[in-house]
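Enquirer: Below you will find the structure I want to go over with you.
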Amino acid sequence: MNAETNAATGTSATRDTRRWWDADGGWSTADATGTVLVIDSWLVDEGRVRGLDRHAERFRSVCDRFPEQGADRTDRFMRAVAESLPARGRWFPRVELVGTGSGTRLRMWLRPAPPRTATVRLWTAAGPDRRRLPAVKGADLDHLAALRADATTAGADEALLVSTEGHVVEGASTSIVWWRGDTLCGPPGPGLLPGITRSLLGELARTAGLQVVTEQATAADLAGLPVWTLNALHGIRPVTEGLGRFQGTDAEEAERWQSRLAALAVPAGELPDSRGEPTKEVSP
């Protein structure tokens, strides 16, 4: 295994390993045991991240639902994570709130980032969306992993989830959006994961003077429209099979927006706490 020294913590961050974080003791070696309750993840490319504060807030807001967790504890953990992210290479770290026999613990899984793919093929899962808690990333981890495996078996890259009424909801690991002319559209909530990449893209579109709307749509409604999937790892990927329509110009347009999205990445640096106050201290 390759390893690199983490300048912020003075520890060795080994590829594809998990580490526990404790408010009193800082980082320590962890294993893969325990029940994963909440997760979040993002792309780190040469030390730069887009929307890390939003990923941290999404993770914190769900962790706060567990009484023994506490917002301050999660804040300090996320600041420790931000300071420990490698400054070189491409990484896809995952933070986790894990249930153990003695309560909950916080863990980071530092993973090398898989290669980015520029397009995506969708496979529609049988029946309606069966997630228990769609707005909580990690709550339905095993179910969604099984759907992605089924999609791969079917020759696709991602599983598409639809509602009982047949409306497009989202992918197993992606948000779904589509274009009606110059209007960026996507499914309405509730029942969706609050997508960080979707929110960033919406802001870019509004800044460019474009309209951003939500609407319910079936696969048939989108038959003649360009459809994209969005997530932190791949950014924007036009759908080539399984939903909407795909033309060569769609890929070129998607790459233009991908470049705008990539330009939002900034050095991970110092992460503010939930009150917006930057704090260098990560341990008592």
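Enquirer: Using only Cα atoms and rounding to the nearest 10 degrees, what angle (0 to 90) does helix 141-153 make with the longest principal axis of the chain?
Expert: Result, in degrees: 50.
Enquirer: Distance from a point 7 Å along Cα→Cβ of Thr153 to each backbone N in the range 103-140: keep the residues under 15 Å and list them by number.
Expert: Answer for the range 103-140: 123-127.
Enquirer: Shifting gears a bit: Suppose we take every Cα in the range 136-248 and form the convex hull; what volume per residue is that in Å³? The partial results should precede the final answer.
Expert: Working: hull volume 12.7 nm³, N = 113.
About 112 Å³ per residue, rounded to a whole number.
Enquirer: Sticking with this structure for a sec: Please figure out what share of the DSSP beta bridges in the chain is antiparallel and state it in percent, rounded to the nearest 5. Provide the component values of the computation, followed by the final result.
Expert: Working: 48 of 57 bridges.
In the chain, approximately 85 percent of DSSP beta bridges are antiparallel ones.
Enquirer: Sticking with this one: Can you give the angle from 0 to 90° between the axis of helix 196-207 and the longest principal axis of the chain, with both taken from C-alpha atoms, to the nearest 10?
Expert: 60
Enquirer: Sticking with this one: Once amide H atoms are placed 1.01 Å from N in the peptide plane, what residues at a sequence separation of 5 or more from Trp27, or on another chain, have their amide H within under 5 Å of its amide H?
Expert: HN-HN under 5 Å from Trp27: Asp22.
Enquirer: Report the equivalent ellipsoid semi-axes for the chain in whole Å, largest first, defined as the square roots of five times the eigenvalues of the gyration tensor built from alpha carbon atoms.
Expert: Values: eigenvalues 217, 86, 63 Å².
They are 33, 21, 18 Å, listed largest first.
Enquirer: While we're on this one: Subtracting the Cα-Cα distance from 0.36 nm times the residue separation, let me have the gained length for Thr33 to Ala223 in nm, one decimal.
Expert: Gain on extension, Thr33 to Ala223, equals 64.0 nm.
Enquirer: So what is log10(I(q)/I(0)) for the range 223-266 at q = 0.25 1/Å, when the Debye sum runs over its Cα atoms only?
Expert: -0.86
Enquirer: Based on the Cα gyration tensor of the range 39-114, what are the three equivalent ellipsoid semi-axes, each the root of five times an eigenvalue, rounded to whole Å and given largest first? Spell out each step's value before the answer.
Expert: Values: eigenvalues 106, 32, 19 Å².
Each semi-axis is √(5λ); the values are 23, 13, 10 Å.
Enquirer: So what's the angle, to the nearest 10 degrees on a 0 to 90 scale, between helix 52-63 and the longest Cα principal axis of the chain?
Expert: For helix 52-63, the angle is close to 80 degrees.
Enquirer: Amide H to amide H under 5 Å from Leu122: which residues, 5+ apart in sequence or cross-chain, H placed 1.01 Å off N in plane?
Expert: Amide H to amide H, under 5 Å and 5 or more residues apart or across chains, Leu122 pairs with Asp157, Thr240, Glu241, Gly242, Leu243.
Enquirer: Okay, moving on. Taking the Cα centre of the chain as origin and charging only Cβ (+1 Lys, Arg; -1 Asp, Glu), how large is the dipole, in debye to the nearest 20? Don't jump to the answer; show the numbers that get you there.
Expert: Numbers: 34 positive and 37 negative charges, 53 e Å.
That gives a dipole near 260 debye.
Enquirer: Next up: So how exposed is Ser173, as accessible area in Å² (1.4 Å probe, rounded to 10)?
Expert: 50
Enquirer: Continuing with the same structure: Hey, what do the phi angles of the range 89-106 turn into as Karplus ³J(HN,Hα) couplings, whole Hz, using 6.51/-1.76/1.60 and θ = phi - 60°, x for Gly and Pro?
Expert: x, 10, 9, 9, x, 10, 8, 9, 9, 10, x, 10, x, 10, x, 10, 9, 9
The values are calculated or read from the model by the stated rules, or taken from the named source; none is laboratory data. If you're wondering where the values come from, they're calculated on a predicted model, not measured in any experiment. Backbone-built Cβ (ideal geometry, glycine too); neighbour counts: all protein chains shown. Surface areas here come from the heavy atoms of the whole protein model, side chains and all, with no ligands, DNA or RNA. Shrake-Rupley method; radii C 1.70, N 1.55, O 1.52, S 1.80 Å.
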